[in-house]
Amino acid sequence: MKILCTICARSGSKGVLNKNIKKINNKPLITHTIDQARKSKLFNKIVVSTNSDKICQISMNSGIDKCIKRPNKLSDDYSPKLLSIKHAFTKSEFIFKQKFDILIDLDVTSPLRSISDIKKALNHFKKNGINNLISVCLSRKNPYYNMYEFKNKKLNIIASLSSQINRRQDAPIVYENNASIYIWNRKAILRNSKILNKNTIFYEMPYERSIDIDSKFDFKIVKYIIENK
């Protein structure tokens, strides 16, 4: 069974400038994910998809098999990540002249995942024989209890039930996508236009390994955790 790992890292991030190459523990952020992929020993090939020559160079020096330059139309703020993943997948099959049975995408901005998380997610995916998997964590906010939208000039609970929820413990369990691990079989990645579909299963991770760097504050938290083990 051939398994491809993709790591997508474009330049031009807005929340944290150049976050994919900002250093944590004296290593560029992207290198932490590359190291996890390599140490897992799960992958036949590891590729990075980017629009940046600098990210390409850093990635190649970190031991990936190939850096794939993505077109400009897949590199702006409005480009769905799935399109970049599919582009990297099809390019990889062409470059390496082989078909991959499974694709695992690891997000650069979630470096707190463990190698064990990657292995367990893959085992869960194989065991269920399903088309795709995403990693999640329990949501700390619940749309049935303490999340609101401002509508008709007043605050309203986002999701309502037939009876009012007065305690967080009584609200339905909800999960959030922690943007860490995505898995598809070959047929699914080539066919699907959305990351989530009716057949998607999930692998649950704890919140402490689920922080996705989307702001300067997130970066400071992750940096502190990694550098202080």
Discussion item. Going through Asn199, Asn178 one at a time, which residue ends up being in contact with an Asp or Glu (Cβ under 7 Å, 6 or more places away or on another chain), on the phi < 0 side of the Ramachandran plot, in contact (Cβ under 8 Å) with a residue 60 or more places away in the chain and not aromatic (Phe, Trp, Tyr)?
Written reply: Asn178
Worksheet item: Which of (1) in contact with a strand residue (DSSP E or B) (Cβ under 8 Å, 6 or more places away or on another chain); (2) free of Cβ contacts under 8 Å to residues at least 40 places away in the same chain; (3) part of a helix (DSSP H, G or I); (4) not hydrophobic (A, V, I, L, M, F, W, C) is the odd one out, the single condition Ser116 does not satisfy?
Response: (1)
Item to complete: Out of the residues in segment 99-146 that are in contact with a Lys or Arg (Cβ under 8 Å, 6 or more places away or on another chain) and over 23 Å from Ile30 (Cβ atoms), state the one that is surrounded by the fewest Cβ atoms within 10 Å (Cβ to Cβ).
Response: Lys99
Practice prompt. Output the number of the condition that Gln164 fails; it satisfies all remaining conditions of (1) under 20 Å from Ser116 (Cβ atoms); (2) outside any helix (DSSP H, G or I); (3) more than 13 Å from the chain's Cα centre (by Cα); (4) not hydroxyl-bearing (Ser, Thr, Tyr).
Written response: (1)
Worksheet item: What number goes with the only condition from (1) closer than 22 Å to Lys194 by Cβ; (2) in contact with a helix residue (DSSP H, G or I) (Cβ under 9 Å, 6 or more places away or on another chain); (3) surrounded by 19 or more Cβ atoms within 10 Å (Cβ to Cβ) that Thr90 does not pass?
Response: (3)
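Residue by residue, here is whether (1) under 30 Å from Asn123 (Cβ atoms); (2) hydrophobic (A, V, I, L, M, F, W, C) holds:
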| site | (1), (2) |
| --- | --- |
| Arg10 | no, no |
| Asn18 | no, no |
| Ile24 | yes, yes |
| Gln36 | yes, no |
| Lys41 | yes, no |
| Val48 | yes, yes |
| Lys54 | no, no |
| Lys73 | no, no |
| Leu82 | yes, yes |
Discussion item. Which pairs turn up if I take residues in segment 1-21 that are surrounded by fewer than 16 Cβ atoms within 10 Å (Cβ to Cβ) and look for partners that are acidic (Asp, Glu) with beta carbon separation below 6 Å, at least 6 apart in sequence or on another chain?
Written reply: Met1/Asp101; Lys2/Asp101; Gly15/Asp214
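Bear in mind these aren't lab numbers, they're just calculated from the coordinates by the rules spelled out. These numbers come from a predicted model, not from an experiment. Every residue, glycine as well, gets a Cβ built from its backbone with ideal geometry; the counts of neighbours run over all protein chains shown.
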